[in-house]
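What follows is a single structure, written as structure tokens, with notes after it.
The values are calculated or read from the model by the stated rules, or taken from the named source; none is laboratory data. Bear in mind the structure is a predicted one, so any value in this text is a computation, not a measurement. Note that each Cβ is placed from the backbone with ideal geometry, even for glycine, and that neighbours are counted across all protein chains shown. To get the accessible areas, we keep the full protein, side chains included, count just its heavy atoms, and leave off ligands, DNA and RNA. Shrake-Rupley method; radii C 1.70, N 1.55, O 1.52, S 1.80 Å.
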Amino acid sequence: MSVETPDVLVVGAGPAGLAAADAARRAGAQVVLLDAAGDAGGQYWRHLPAERPAADERVLHHGWDKFTALRGQELLTDAQVWLAERHDDRPPTLHVLVGPADGNERTPRTFAPKALVLATGAYERTLPFPGWDLPGVFTAGAAQALAKAERIAVGRRVLVAGAGPFLLPVASSLLRTGAGVVGVFEANGWSRLRKAWTARPAELLSTRHKAGELAGYVRDLARNRIPYRTGTAVIAAHGTDRVTAVTVARLDPEWAPVPGTERRLDVDAVCVSHGFVPRTELAVSAGCGLDAYGAVVTDENGRTSVPGVYAAGEITGIGGADLALAEGVIAGLAAANAATTSAASTSAAGTANVGVTEEQRRARRDNQRFADRLERAHGIRPGWAGWLGDDTVVCRCEEVTAGDLKAGAAATGSRGLRSLKLSTRAGLGVCQGRVCGRTVEELLHRHTGGLLDPGRTASRPLAAFVRMGELAAANHPEESA
Amino acid sequence: MTTTGPARLGPDADPVRPGPTSPITLIVDGEPVRGVEGQTVAGVLLGAGRLTWRTTRHGRPRGVFCGIGVCHDCLVTVNDLADVRACQRRAVDGDTITTGEPQ
Ligand SMILES: Cc1cc2nc3c(=O)[nH]c(=O)nc-3n(C[C@H](O)[C@H](O)[C@H](O)COP(=O)(O)OP(=O)(O)OC[C@H]3O[C@@H](n4cnc5c(N)ncnc54)[C@H](O)[C@@H]3O)c2cc1C
Ligand code: FES
């Protein structure tokens with residue numbers, strides 16, 4: 001099969017990937033930008049499809065002009081990277097299938113770029129609670145994606161709950177999609193939020209437009225008389241074949257439910273998000289090092305631990321779209337620089353000037369500080385396990401309960417994550433532990449008194465589900481032609 | 001009109017002012033379900049007010065959870081091809097969808 005060899009290959013056309021590809025092109029590199037989705041924008045700038053263009057898309061968006069400026073680039077859509085094949089002496093070879101999602105007749109393409117930028121973003125982390133597998137319980141991101149790309153409201157009486165500022169735009173989008181929002185409940189109490197957000201106010205000046213964005217969402221809540229409660233969580237969802245009500249309760253600062261504070265609310269949908277997890281499958285198979293949060297480690301030029309491989313955006317840590325943009329520009333410039341200058345001169349130049357301006361570096365630093373506050377204000381606290389029952393499903397795919405995990409750990413006496421996953425089946429279903437991986441690991445860590453091999457949940461050989469027939473065709477293209 | 005569950009906002013009430021669209025029809029478990037061009041299969045189903053379309057091994061109903069292709073809760077069979085994520089697959093006029101729901 002013919003292997004394409006662009007200067008720079010950028011995976012992901014969200015804010016980070018768009019900025020990286022644009023910067024690399026401006027620096028004179030020949031760039032291929034691709035995304036598994038049908039259009040540019042990533043999670044942040046998700047919008048109605050080309051078949052259904054909207055006259056006033058910016059009603060649902062921030063920075064839409066920035067997106068308009070970046071989206072004109074050439075983009076390979078419906079392009080799923082499913083494997084990064086590692087080499088010792090050069091960036092990995094990426095295997096891509098182009099065509100309708102989960103199809104069986106997609107076109108295989110193979111890229112061996114001189115430099116690779118991974119900008120694959122993040123997905124949500126939703127903690128389990130009794131009834132969270134009932135239809136009508138969604139991640140907050142699902143509600144956001146359906147509102148933005150389909151103009152669908154997930155329900156008429158919707159509760160938004162979890163942790164983090166992301167809950168606010170979700171509530172705003174729901175309101176603008178015709179849903180009623182019964183409340184927005186943040187797990188963290190005022191004292192933690194205040195401490196994290198009011199410390200060193202001067203630092204926030206450079207990112208003050210974010211405060212403006214958040215203030216807009218808060219106005220939406222006020223105008224619609226929607227309560228924003230802190231130190232409060234959904235601890236159970238009720239219904240037989242769909243959610244009809246939830247129990248909410250006050251939480252202590254460590255997120256343990258406070259007994260006696262439970263209240264029942266009627267809803268037809270609940271949208272829950274407790275944070276985000278970097279989408280690192282490709283980075284891991286390329287051999288890139290991860291930090292303790294499971295994010296790809298990069299230097300100030302966006303270089304990962306693997307030569308020729310760069311990363312930008314939420315794959316390197318959760319910090320929002322502005323940080324993703326700032327990191328994208330730098331990684332794009334550095335990748336273009338590495339790909340278009342000879343190997344000798346790049347290594348001689350080291351981390352020195354790759355064409356990044358001081359202002360671009362400052363944008364990255366300022367937004368990085370904002371990201372640190374996010375974690376200090378909204379990061380998950382351990383008390384949540386207090387709202388689990390023994391019969392609460394933890395792994396949705398294999399329907400493994402919290403009680404099964406406890407029993408599995410007790411019965412085997414094992415402290416190996418891998419062997420416990422094999423014996424309980426937790427995290428081994430079709431989503432490959434993307435939804436429950438960290439949760440399973442945390443719970444087993446507690447039940448075993450400490451796992452001997454933590455972190456294995458992050459390693460998955462294939463970045464996406466591929467059919468055997470397509471695999472065979474990708475290896476023997478002449479036979480399928 | 002039902003007053004509970006998912007719903008698609010009509011273009012007349014929509015502040016983003018979507019342009020004109022072509023209607024499409026999917027055949028879902030033998031019944032026609034209408035949507036518009038550019039929607040995903042999950043979008044068409046939810047827009048028609050349907051919240052679930054799969055049953056787990058333990059008999060539990062499922063529909064959309066993550067909405068972005070991660071959880072695999074939303075699997076359907078499209079034109080005889082099993083295990084397609086409804087939230088990721090663009091709906092094409094005339095597609096035959098088989099759900100895992102008992103009928
Ligand atoms: C569902 C969801 C909704 C969100 N909505 C908002 C919001 O409304 N407001 C907000 O402030 N923040 C939102 N966020 C947070 C958001 O992740 C960031 O603010 C921002 O989008 C990060 O930009 P990024 O470029 O790093 O990644 P993303 O925007 O996530 O872009 C990554 C892109 O990479 C592509 N990709 C990943 N893996 C592959 C692969 N193997 N092959 C091909 N393509 C691949 C994806 O399709 C995606 O388009 C949302 C997050 C999620 C998960
Ligand atoms: S809803 Fe999660 S993959 Fe479709």
*Would you please list the contacts, defined by Cβ atoms under 8 Å and residues six or more apart or on different chains, that run from a residue in segment A:362-375 that is closer than 14 Å to A:Thr316 by Cβ to a residue that is in a helix (DSSP H, G or I) and hydroxyl-bearing (Ser, Thr, Tyr)?*
A:Asn367/A:Thr207
*For segment A:98-118, enumerate the residues that are outside any loop (DSSP other than H, G, I, E, B) and among the small types (Gly, Ala, Ser).*
A:Ala115
*Here are some residues: A:Asp56, A:Asp78. Which one is within 11 Å of ligand 1 (Cβ to nearest atom) and within 14 Å of chain B (Cβ to nearest Cβ)?*
A:Asp78
*Return yes or no: is B:Pro11 under 16 Å from A:Ala147 (Cα atoms) and open to solvent by less than 20 Å² (accessible area, probe 1.4 Å)?*
no
_Leading residue by the ranking (nearest to ligand 2 (Cβ to nearest atom)) among those in segment A:22-42 that are under 16 Å from A:Asp322 (Cα atoms) and either more than 14 Å from chain B (Cβ to nearest Cβ) or in contact with a strand residue (DSSP E or B) (Cβ under 6 Å, 6 or more places away or on another chain) (or both)_ = A:Asp22
*Tell me which residues, restricted to segment A:104-159, are within 23 Å of B:Arg54 (Cα to Cα), of a type in the set (Phe, Trp, Tyr) and within 15 Å of ligand 1 (Cβ to nearest atom).*
A:Tyr123, A:Phe138
*Just need a number here: residues in segment B:43-69 that are without any contact (Cβ under 8 Å) to a residue 12 or more places away in the chain, more than 7 Å from chain A (Cβ to nearest Cβ) and of a type in the set (S, T, N, Q).*
0
_Selection status of A:Val96, in contact with a Lys or Arg (Cβ under 7 Å, 6 or more places away or on another chain) and more than 10 Å from ligand 1 (Cβ to nearest atom)_ = no
_segment A:258-276 - residue that is open to solvent by less than 30 Å² (accessible area, probe 1.4 Å) and in a strand (DSSP E or B) and, of those, nearest to the other protein chains (Cβ to nearest Cβ)_ = A:Ala269
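Having 3 or more residues that are more than 12 Å from ligand 2 (Cβ to nearest atom) is the bar; report the strands (runs of 3 or more DSSP E) wholly within chain B that clear it.
Working: elements: B:23-28, B:31-36, B:52-55, B:61-63, B:75-78, B:81-85, B:96-98.
Once the strands (runs of 3 or more DSSP E) in chain B are filtered for at least 3 residues that are more than 12 Å from ligand 2 (Cβ to nearest atom), what remains is B:23-28, B:31-36, B:96-98.
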*Could you list all residues from segment A:395-413 that are within 14 Å of another protein chain (Cβ to nearest Cβ), touching a strand residue (DSSP E or B) at 6+ places or on another chain (Cβ under 6 Å) and within 28 Å of A:Glu186 (Cβ to Cβ)?*
A:Thr401
*Scan segment A:414-463 residue by residue and report those that are over 20 Å from A:Gly289 (Cβ atoms), within 14 Å of chain B (Cβ to nearest Cβ) and not in a helix (DSSP H, G or I).*
A:Arg425, A:Gly427, A:Leu428, A:Gly429, A:Val430, A:Cys431, A:Gln432, A:Gly433, A:Arg434, A:Val435, A:Cys436, A:Leu462
*Count, please, the residues in segment B:70-99 that happen to be touching a Lys or Arg at 6+ places or on another chain (Cβ under 8 Å) and touching a residue at least 24 places away in the same chain (Cβ under 8 Å).*
5
*Quick one: in segment B:70-102, which of the residues that are more than 16 Å from ligand 1 (Cβ to nearest atom) and acidic (Asp, Glu) is nearest to the other protein chains (Cβ to nearest Cβ)?*
B:Asp83
*Quick check: anything in segment A:160-172 within 16 Å of ligand 1 (Cβ to nearest atom), over 30 Å from B:Ala13 (Cβ atoms) and either buried (at least 24 other Cβ atoms within 10 Å of the Cβ) or among the polar types (S, T, N, Q) (or both)?*
yes
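Taking the criterion of being of a type outside the set (S, T, N, Q), open to solvent by 20 Å² or more (accessible area, probe 1.4 Å) and without any contact (Cβ under 8 Å) to a residue 24 or more places away in the chain, would at least one residue in segment A:240-254 satisfy it?
As a first pass, look at segment A:240-254 and keep what is of a type outside the set (S, T, N, Q): A:241-243, A:245-246, A:248-254.
Retained after the next criterion (residues that are open to solvent by 20 Å² or more (accessible area, probe 1.4 Å)): A:241-242, A:250, A:252-254.
Those still in the list that are without any contact (Cβ under 8 Å) to a residue 24 or more places away in the chain too: A:250.
Looking for residues that are of a type outside the set (S, T, N, Q), open to solvent by 20 Å² or more (accessible area, probe 1.4 Å) and without any contact (Cβ under 8 Å) to a residue 24 or more places away in the chain, one finds at least one in segment A:240-254, hence yes.
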